[in-house]
Amino acid sequence: MTIGAPGNRGVLPSEAPIWPFDRWGTFGRVDYEYRITRIEVTNTQYLEFIDTYTKVEGFTPGPRILGSGLFADGFDPHGNPIIRTMRGAEHAPANPSWDYAARYANWLHNDKGTELKDFETGVYDTSTFGVDPDTGKRTDQIERSPGSRFFIPTLDEWTKAAHYDPDRYGEGQEGYWYYPGGSDDPLVSGLPGEPGAETGAGQTPPEFIFFPVGSYPDTNEPWGLLDTSGGAREWTETVLPHQLDDRLRVIRGSGTLTLGGAFFDDPIDTVTSGLDSSFGFRVGSIVPSPAASHVLIVGFCTVLSRRRRK
């Protein structure tokens, strides 16, 4: 999706009553057009990345590289791991650690290359990923490199795509909705196809690991995004000051299995953070579209006109 209205204002205290403006300032303002995937990266899309990455000379596995939707099923004749998707999870959100979501962005930026450098550099320099032995703090590169063609969205980019509406208070009167889906009320949780269901937040899928992306097609953000509620909780690039670790990435939205997610994790002023956990993610890209935009599956980064939630 293309997110326009460059130079929009940030969130006001009246729109985010529990946000610590005195500590972190406002958020949601983005001074440029950008693109963001309509849905979260799926296990099928992530499997292509993993299947390539694990065959690269110099590959070293790390924690939560597969997330919960993929698993290792032995080795091929060349000694490479065979990675498969859990049955029923093919079209559910992938949920790796931040480190591997970052490598996925590197891989797209480098035109899906097959050398180690194509996974380790470009957008995020993974050689910085680690811990300072003297301070015990993470040393990770915080912001993406200049000229990055694909990236993990920042808190501002994610918030604008999920909550901002140029006509929030009337034609030409910009503002933010408190909940995803163009709503100031919590979305109604229920199973896909259930009458009145708007999100899978808090639900337990009966037959598969997660609900497939796009299971609630009538719940759209003003810009047309899906699943900012109830798909998977999502990584952002942003780091906020934290008393325990100054490299924890902000996580937004609720997940399918998040208890009470539609009430507690969906509000615009509710954020959590993490690093070595497993969460979903979207991919942002520059405007105009890079020449390599064909690497995104049709429908994965489709540009549609802005539309309101019905």
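The values are calculated or read from the model by the stated rules, or taken from the named source; none is laboratory data. Given the structure is predicted, the values throughout are model-derived calculations rather than measurements. Neighbour counts are summed over all protein chains in view; Cβ atoms, including those assigned to glycine, are modelled from backbone coordinates with ideal geometry.
Limited to region 131-148, what total is found for residues that are free of Cβ contacts under 8 Å to residues at least 40 places away in the same chain and surrounded by 13 or more Cβ atoms within 10 Å (Cβ to Cβ)? Matching residues across region 131-148 total 3. Taking the criterion of being more than 25 Å from Trp98 (Cβ to Cβ) and modelled with pLDDT of 90 or more, would at least one residue in region 199-211 satisfy it? Checking region 199-211: not a single residue is more than 25 Å from Trp98 (Cβ to Cβ) and modelled with pLDDT of 90 or more.
The number of residues in region 10-38 being among the aliphatic types (A, V, I, L, M) and over 18 Å from the mean Cα position of the chain (by Cα) comes to 4.
Residue-wise test of (1) more than 20 Å from the chain's Cα centre (by Cα); (2) farther than 17 Å from Glu237 by Cβ; (3) part of a loop (DSSP other than H, G, I, E, B); (4) at pLDDT 95 or above.
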| position | (1), (2), (3), (4) |
| --- | --- |
| Glu40 | no, no, yes, yes |
| Glu48 | no, yes, no, yes |
| Arg64 | no, yes, yes, no |
| Gly67 | no, yes, yes, no |
| His78 | yes, yes, yes, no |
| Arg103 | no, no, no, yes |
| Thr114 | yes, yes, yes, yes |
| Gly122 | no, no, yes, yes |
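Counting the residues of region 72-97 that are of a type outside the set (A, V, I, L, M) and touching a Ser or Thr at 6+ places or on another chain (Cβ under 8 Å) gives 9. State whether the residues of region 68-79 include one that is without any contact (Cβ under 8 Å) to a residue 40 or more places away in the chain and buried (at least 16 other Cβ atoms within 10 Å of the Cβ). Yes, region 68-79 has at least one match. Among residues of region 190-207 that are farther than 14 Å from Pro93 by Cβ, those with a Cβ under 6 angstrom from a residue that is surrounded by fewer than 19 Cβ atoms within 10 Å (Cβ to Cβ) and at pLDDT below 85, sequence gap 6+ or separate chain, pair up as Gly202/Leu259; Gly202/Gly260. Within region 80-96, being surrounded by 22 or more Cβ atoms within 10 Å (Cβ to Cβ) and either part of a loop (DSSP other than H, G, I, E, B) or β-branched (Val, Ile, Thr) (or both) holds for Ala89, Ala92, Ala94, Asn95, Pro96.
Looking at region 143-154 only, could you name the residues that are over 12 Å from Gly122 (Cα atoms) and either among the small types (Gly, Ala, Ser) or in contact with a Lys or Arg (Cβ under 7 Å, 6 or more places away or on another chain) (or both)? Hit for region 143-154 is Pro153, nothing else.
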